[in-house]
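Colleague: I'd like to ask you about the structure that follows.
None of the figures in this text is laboratory data; all of them are computed from the coordinates on show. Small disclaimer: the values here were computed from a predicted structure and weren't measured. Here the Cβ positions follow ideal geometry from the backbone for every residue, glycine too, while neighbour counts run over all protein chains shown.
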Amino acid sequence: MSKRLLLDRDSVPRLPRHAKLRFDRARDCWIINAPERVFELDAIAGEVIQLVDGTRTLAVLVDELATKYDQAPRADIERDVTAMLQNLADKGFVIA
Amino acid sequence: MIDQAEAPANAQTECAAATGTSDSRNRLIPYAVLCELTHRCPLQCPYCSNPVELERASREIDTDAWKSVLSQAVDMGILQAHFSGGEPTVRKDLEEMVEHASKAGLYTNLITSGVLLTPARLDRLREAGLDHVQVSFQDTESENADRIAGFRGHAKKQEAARMVRAADLPLTVNAVMHRQNLHHLEDMIAMAVELDAERLEVAQVQYYGWALKNRQAFLPTRDQLDEATRIVEEARVRLKGILAIDYVVPDYYARRPKSCMGGWGRQFLNITPAGKVLPCHAAESLDFLEFENVTERPLAWIWEHSSAFNRFRGTDWMPEPCRSCDRREIDWGGCRCQAFALTGDPDTTDPACEFAPQRHVLEMPIGEAGGEIPEFVYRRIGNG
């Protein structure tokens, strides 16, 4: 990797090979396994990350969440989701 | 939104302040198991995290015993298996174990010196489901690196790191830093970028076992350490999103102890080549403890009920000032092995804490840091 990835609405985020998403029955939550780290996702983060599959743009992903959670303003969802995924991208656990 | 827990692979890894998670019966669920497949290794690094009493090949448990351990680990809720050593690639059955772990759903990490890796072997490991490779480096300058390792392997390590990336496997460069190579820290960061690593672990030597024997040869001065911290902080900003840098400050210069292993018996277990189950890789230095063996007891029983795992678990064992400290469930009293090694008392606060009654034991080594550099006591059988 030679430069920092900055996510925008047209980015198609996905998990890199070294970050593996799965549901963990013992802890009853979605987790990402990464080198010497485990990210335990809360219910909302778990919903978001399941849409990070390398087929949806960030805009489409936010649209889907906005439809599902129609009590929250789309702009708020977009802000929160972008911040969450950029944070993971900066640690190398989301690529696009 | 996201809770991050470290799944520490060795003592050179900083543990997060996570308190761990519990199941519905309020039992702690470990995150990771470190499988020390062998103590055999071509390298002789004088800071090796293996115990001073090395296990001989004839005592190693077999493939089926390891497979059973890995299956049991999954049932316990363990998420990651680290394959380490010694040099784990010495074991010809490594692929079989990685495949077993991977199929069972474990995240698999190979911790290697890289000197025995070939492209064909890496391909087989990748096919077996290996998720990540961590290659250790002793320095960036080959002459000094080979001198520290007691083995001419630096060039081969660089080649191995390139093989890992060529096989499209993610790479962590593990750089153990100390007074005899800290002046190359900037080069080490540049090398990790050049090798296309995702992650660099800048690990300062932690002083147990072999490293304690060689402390005077490794302990940096305060000024060296401050310079290293400045370099890492600058690089983290410059390389954000390009290279993740984990940085562990040596305890001797810390004000608070590290949360060793995320707390004794909370997140992690270590299995020795002979099948003994330890709360951390250095725990055998606590020579008054009895460790159970996977060939004799179920892993879950050992985790939950064995005397060794319960000896320092939680906060009940703690002395003052830990017992009434508001950080008692953050650093868990620090490291038991260090407290015992430096003071002879395993129940005292880790001297790495500035409030420790025996903090003064760090004065002598810190006072002598930067002095004459003694010869290494190399890690090899019979040298302990």
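Colleague: I want to verify the translational diffusion coefficient of the range B:21-92 in µm²/s; compute it with Stokes-Einstein, Rh as the Kirkwood radius over Cα pairs, at 25 °C and 0.890 mPa s.
Modeller: Numbers: Rh = 13.9 Å.
Value of D from the Cα-based Kirkwood radius: 177 µm²/s.
Colleague: With a bin width of 5 angstrom, please list the P(r) values of the range B:317-384 as percents of all Cα-Cα pairs, from the 0 bin to the one holding the largest distance.
Modeller: 3, 16, 21, 16, 15, 13, 8, 7, 1
Colleague: Could I ask something else about it? Relative contact order (percent) for chain B, with alpha-carbon contacts under 8 angstrom and 6 or more residues of separation?
Modeller: On the way: 787 pairs, mean separation 78.9, N = 384.
That works out to 21 percent.
Colleague: Something else about it: Suppose a student asked you for the relative contact order of the range A:20-90, using Cα pairs under 8 Å spaced at least 6 residues apart; what percent would you report?
Modeller: On the way: 52 pairs, mean separation 11.5, N = 71.
With pairs under 8 Å counted, the relative contact order is 16 percent.
Colleague: Using 1/(1 + (r/R0)^6) with R0 = 60 angstrom and r between the beta carbons of B:ILE373 and A:ASP70, what's the FRET efficiency to the nearest 0.05? Mind showing how you got there, number by number?
Modeller: On the way: r = 68 Å, r/R0 = 1.13.
Working from the Cβ atoms, E equals 0.30.
Colleague: Hey, if you put +1 on the Cβ of every Lys and Arg and -1 on every Asp and Glu Cβ in the range A:20-90, which of A:PRO73, A:ASN33, A:LEU58 ends up farthest toward the positive end of that dipole?
Modeller: Towards the positive end, the residue furthest out is A:ASN33.
Colleague: What does the charge add up to near B:LEU43, with Lys and Arg as +1, Asp and Glu as -1, over the other residues with Cβ less than 9 Å from its Cβ? Present the calculation step by step, with values, prior to reporting the outcome.
Modeller: On the way: positive: B:ARG379; negative: B:GLU87.
Its environment carries a net charge of 0.
Colleague: Would you mind ranking B:HIS183, B:HIS178, B:HIS82, B:HIS360 so that the residue whose beta carbon has the fewest other beta carbons within 10 Å leads the list? Before the final figure, lay out the partial values.
Modeller: Numbers: B:HIS183 15, B:HIS178 23, B:HIS82 27, B:HIS360 10.
Ranking B:HIS183, B:HIS178, B:HIS82, B:HIS360 by Cβ neighbours within 10 Å, fewest first, gives B:HIS360, B:HIS183, B:HIS178, B:HIS82.
Colleague: Does the range B:26-147 come out rounded, prolate or oblate, given a ≥ b ≥ c as the square roots of the eigenvalues of its C-alpha gyration tensor, rounded meaning a/c under 1.5 and, failing that, prolate meaning a/b above b/c? Mind showing how you got there, number by number?
Modeller: Numbers: a/c = 1.75, a/b = 1.50, b/c = 1.17.
Since a/c reaches 1.5 and a/b is larger than b/c, the shape of the range B:26-147 is classed as prolate.
Colleague: Let me check the size of the range B:163-252 from its C-alpha atoms; what are the radius of gyration and Dmax in Å?
Modeller: 13.8, 40
Colleague: Something else now. For the protein assembly as shown, what is the calculated [θ] at 222 nm in deg cm²/dmol (nearest 500), taking -39500 (n - 2.57) for each run of four or more DSSP H residues and dividing by its residue count? Show your work: numbers first, answer last.
Modeller: Working: 16 runs with 151 residues, N = 480.
Calculated at 222 nm, the ellipticity per residue is -9000 deg cm²/dmol.
Colleague: Under the rule a/c < 1.5 gives rounded, and otherwise a/b versus b/c splits prolate from oblate, where does the range A:1-56 land using the Cα gyration tensor? Please list the in-between numbers first.
Modeller: Values: a/c = 2.48, a/b = 1.51, b/c = 1.64.
Oblate shape, in that a/c is at least 1.5 and b/c is the bigger or equal ratio.
Colleague: Between B:ARG124 and B:SER58, how high is the FRET efficiency from 1/(1 + (r/R0)^6) when r is the Cβ-Cβ distance and R₀ = 41 Å? Nearest 0.05.
Modeller: Working: r = 26 Å, r/R0 = 0.64.
Rounded to the nearest 0.05, the efficiency is 0.95.
Colleague: Separation of the range B:84-159 and the range A:1-61 by C-alpha centroid, Å?
Modeller: About 27 Å separates the Cα centre of the range B:84-159 from the one of the range A:1-61.
Colleague: Let me ask something else about it. Along its three principal axes, how long is the protein assembly as shown when you only count alpha carbons? Whole Å, largest extent first please.
Modeller: Sorted from largest, the Cα extents of the protein assembly as shown read 65, 50, 46 Å.
Colleague: May I ask you to work out the translational diffusion coefficient for chain B at 20 °C, viscosity 1.002 mPa s, via Stokes-Einstein with Rh from the Kirkwood sum over Cα pairs, reported in whole µm²/s? Can you show the working numbers first?
Modeller: On the way: Rh = 21.1 Å.
Answer from the Stokes-Einstein relation: 102 µm²/s.
Colleague: Hey, could you get me the Stokes-Einstein D for the range A:20-90, Kirkwood radius over alpha-carbon pairs, 4 °C and 1.567 mPa s, rounded to whole µm² s⁻¹?
Modeller: 100 µm²/s
Colleague: Using Cβ counts within 10 Å as a stand-in for footprinting exposure, how do B:ILE381, A:ILE31 rank, fewest first? Show your work: numbers first, answer last.
Modeller: Values: B:ILE381 11, A:ILE31 24.
The order, fewest Cβ neighbours first, is B:ILE381, A:ILE31.
Colleague: With 10 angstrom as the radius, rank B:CYS48, B:CYS325, B:CYS260 by how many other C-beta atoms surround their C-beta, starting from the fewest.
Modeller: Values: B:CYS48 23, B:CYS325 18, B:CYS260 29.
Fewest-to-most ranking of B:CYS48, B:CYS325, B:CYS260: B:CYS325, B:CYS48, B:CYS260.
Colleague: So, how do all the Cα-to-Cα distances of the range B:138-296 break down into 5 Å bins, in percent, from 0 on up?
Modeller: Going from the shortest bin to the longest, the percentages are 2, 8, 14, 17, 17, 17, 14, 7, 3, 1, 0.
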